[in-house]
Amino acid sequence: MNILYLTAGAAGMYCGSCLRDNALAAELKAQGHDVLLVPLYTPTLTDEPNVSHDRIFFGGISVYLQQHSRLFRKTPWLLDRLWDSTFALKLAARSSIQVDPKALGELTVSMLEGEEGNQRKELHKMIRWLQSEPAPDIIMLPFSLLIGLAEPLKQALDRPVLCTLQGEDLFLEGLHEPYHSRSLDLIRSKVETVDAFVAVSDFYADFMTDYLRIPEEKMHVVPLGINLEGYDPAPRPMHDSFTIGYFARVAPEKGLHLLCDAYRLLRARSDFPPARLEVAGYLGPEHRDYLHEIEKQMKEWGFGEEFHYRGAVDRNEKTSFLQSIDVLSVPATYDEPKGIFLLEAMANGTPVVQPRRGAFTEIVQRTSGGLLVEPDDPQSLAEGLFSMYKNPTIAREMGQRGAEGVRRFYNVSLMAERALEVYSNYVGARGRRRVDITPVEVA
């Protein structure tokens, strides 16, 4: 099968969606399929071999300039290459491109408008290049925020367009009015231009069917899968002190502050000795004050020496981190649709304690790799963590069951197999008559 995947770079951040898209593309390529993984906005950052193309479309700098100035909507394509280069985009990413949804309302609406939006020139660049490549059997959009591309791509390439759903509601709900309502209206109005939608969890399929008003017959589920290479679930020696781990973006919605509240409750118990709370994950500039306040609070509580932030980590560092902790907990305050960090922890034999919400529930129940506690409740979370501390044999058994469950239900080969099952239903389908879209200028 020949598959065209569009994926969205996240400005120098390890992004769960990028990791998922890259892992799926790499596995399908390894199985002998032709896969073209094309980044949008910025280069993608992965902790595995990156199989994305080196050509980037809708470059973050161009998209921004064209949104805010009519001049750049008419500049020659050759000139655009100055700021569309991988070097320029990586440099901009290191300078922290603004990704706060509250600041991106107008741009979000413009991208959803597709052919009618301010980035029309970028759309024409991509289509002209894709028309020079072998025609794909399937076109995959990375999320519904790019649904404005569906109709133009279908017209230009005469191929079915499918759309992955993997967490965009959190971004949409962060938009200010009128951009929130306008964005939702645009997505819902364009659902008919997409042949099928692919959610990454059962929870998210049900949620997005209602949220975006997607016909049930168009919805499919392709559960997450991870590359297990290098992950070792073998039992490890007992640590000197009980170690609780957090591995995710450091942001309020991921709930690190709740984990710290639960840790305080644990340390107030006479039967819970000094321990460690280890944190790893990307920290955006907009959330540095959030982490600073947490560190300050932990010191005021007398636990400053027991709290450590390790920063963003690569794959080897991630594996070492997950194998060094006794339990993982990321008590997110919203209904997380993915939960890759849970799969990675359990793949290394580490049990988890998670709120009963979003995809967490189905992952923990399916793998039997941890405990579920009440959402947004530090006391319930503390009790779950204490249970892991008090019953190390049971905790180890959970870790081993989780490792087995991930290998059975959430391996990358199974994800690719399920994806191909879905895609095969649409191969051979056609959009409308192929149309050559005349660009503003040929590079």
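The values are calculated or read from the model by the stated rules, or taken from the named source; none is laboratory data. This structure is a prediction, so every number in the text was calculated from the model and none was measured. Quick reminder, even Gly has a Cβ in these numbers, built from the backbone with ideal geometry, and neighbours come from all protein chains shown.
Looking for something in contact (Cβ under 8 Å) with a residue 12 or more places away in the chain, in a strand (DSSP E or B) and within 21 Å of the chain's Cα centre (by Cα) - is there at least one such residue anywhere in segment 168-185? Scanning segment 168-185 turns up no residue that is in contact (Cβ under 8 Å) with a residue 12 or more places away in the chain, in a strand (DSSP E or B) and within 21 Å of the chain's Cα centre (by Cα). Every condition in (1) assigned by TED's automatic domain parsing to the domain that holds residue 358; (2) closer than 30 Å to residue 187 by Cβ; (3) of a type in the set (Asp, Glu) holds for residue 261 except the one numbered (2). Applying the selection to segment 186-208, what residues are in contact (Cβ under 8 Å) with a residue 24 or more places away in the chain, assigned to a helix (DSSP H, G or I) and more than 14 Å from the chain's Cα centre (by Cα)? The answer is 186, 187, 188, 190, 191, 193, 202, 203, 205, 207, 208. Checking every residue in segment 215-225 against the condition of being assigned to a helix (DSSP H, G or I), crowded, with 23+ Cβ neighbours inside 10 Å and in contact (Cβ under 8 Å) with a residue 12 or more places away in the chain gives zero matches. Residues in segment 377-396 that are in contact with a strand residue (DSSP E or B) (Cβ under 7 Å, 6 or more places away or on another chain) and over 10 Å from residue 262 (Cα atoms): 387, 388, 395. Candidates are the residues of segment 8-25 that are touching an Asp or Glu at 6+ places or on another chain (Cβ under 7 Å) and modelled with pLDDT of 95 or more; the one that is farthest from residue 60 (Cα to Cα) is 23.
Within segment 391-408, residues that are assigned by TED's automatic domain parsing to the domain that holds residue 342 and under 16 Å from residue 341 (Cα atoms) reach no partner that is buried (at least 21 other Cβ atoms within 10 Å of the Cβ) and among the aromatic types (Phe, Trp, Tyr) with beta carbons closer than 7 Å at six or more positions or on different chains. Residues that are under 23 Å from residue 21 (Cα atoms) and among the β-branched types (Val, Ile, Thr) within segment 323-360 comprise 330, 340, listed in sequence order. Against the definition (in the same structural domain as residue 54 (by TED's automatic domain parsing), in contact (Cβ under 8 Å) with a residue 60 or more places away in the chain and not in a strand (DSSP E or B)), how does residue 109 come out, yes or no? In short, yes.
Count of segment 16-42 residues, restricted to those that are part of a loop (DSSP other than H, G, I, E, B) and surrounded by fewer than 21 Cβ atoms within 10 Å (Cβ to Cβ), is 3. Would you mind stating whether residue 125 is basic (Lys, Arg), in contact with a strand residue (DSSP E or B) (Cβ under 7 Å, 6 or more places away or on another chain), assigned to a helix (DSSP H, G or I) and in contact (Cβ under 8 Å) with a residue 60 or more places away in the chain? It is true that residue 125 is basic (Lys, Arg), in contact with a strand residue (DSSP E or B) (Cβ under 7 Å, 6 or more places away or on another chain), assigned to a helix (DSSP H, G or I) and in contact (Cβ under 8 Å) with a residue 60 or more places away in the chain.
Within segment 337-357, is even one residue aromatic (Phe, Trp, Tyr) and over 15 Å from residue 406 (Cα atoms)? No: segment 337-357 contains no residue that is aromatic (Phe, Trp, Tyr) and over 15 Å from residue 406 (Cα atoms).
In this entry, residue 35 is excluded by the filter for residues that are hydrophobic (A, V, I, L, M, F, W, C), at pLDDT below 90 and farther than 23 Å from residue 283 by Cα.
Residues in segment 54-66 that are buried (at least 18 other Cβ atoms within 10 Å of the Cβ) and at pLDDT 85 or above: 56, 57, 58. Restricting 247, 307 to those that are aromatic (Phe, Trp, Tyr), assigned by TED's automatic domain parsing to the domain that holds residue 331 and under 20 Å from residue 344 (Cβ atoms) reduces the list to 247. Of the listed requirements (1) more than 16 Å from residue 420 (Cβ to Cβ); (2) under 15 Å from the mean Cα position of the chain (by Cα), residue 73 misses just one: (2).
Residues satisfying the criterion are absent from segment 150-158 (criterion: touching a Pro at 6+ places or on another chain (Cβ under 9 Å) and surrounded by fewer than 18 Cβ atoms within 10 Å (Cβ to Cβ)). Residues of segment 275-301 that are farther than 14 Å from residue 251 by Cα and either in contact with a helix residue (DSSP H, G or I) (Cβ under 6 Å, 6 or more places away or on another chain) or not assigned by TED's automatic domain parsing to the domain that holds residue 250 (or both): 276, 277, 298, 301.
Given the structure, is residue 79 modelled with pLDDT of 65 or more, assigned to a helix (DSSP H, G or I), over 27 Å from residue 169 (Cβ atoms) and not charged (D, E, K, R)? Yes; evaluated as a whole, the condition is true for this residue.
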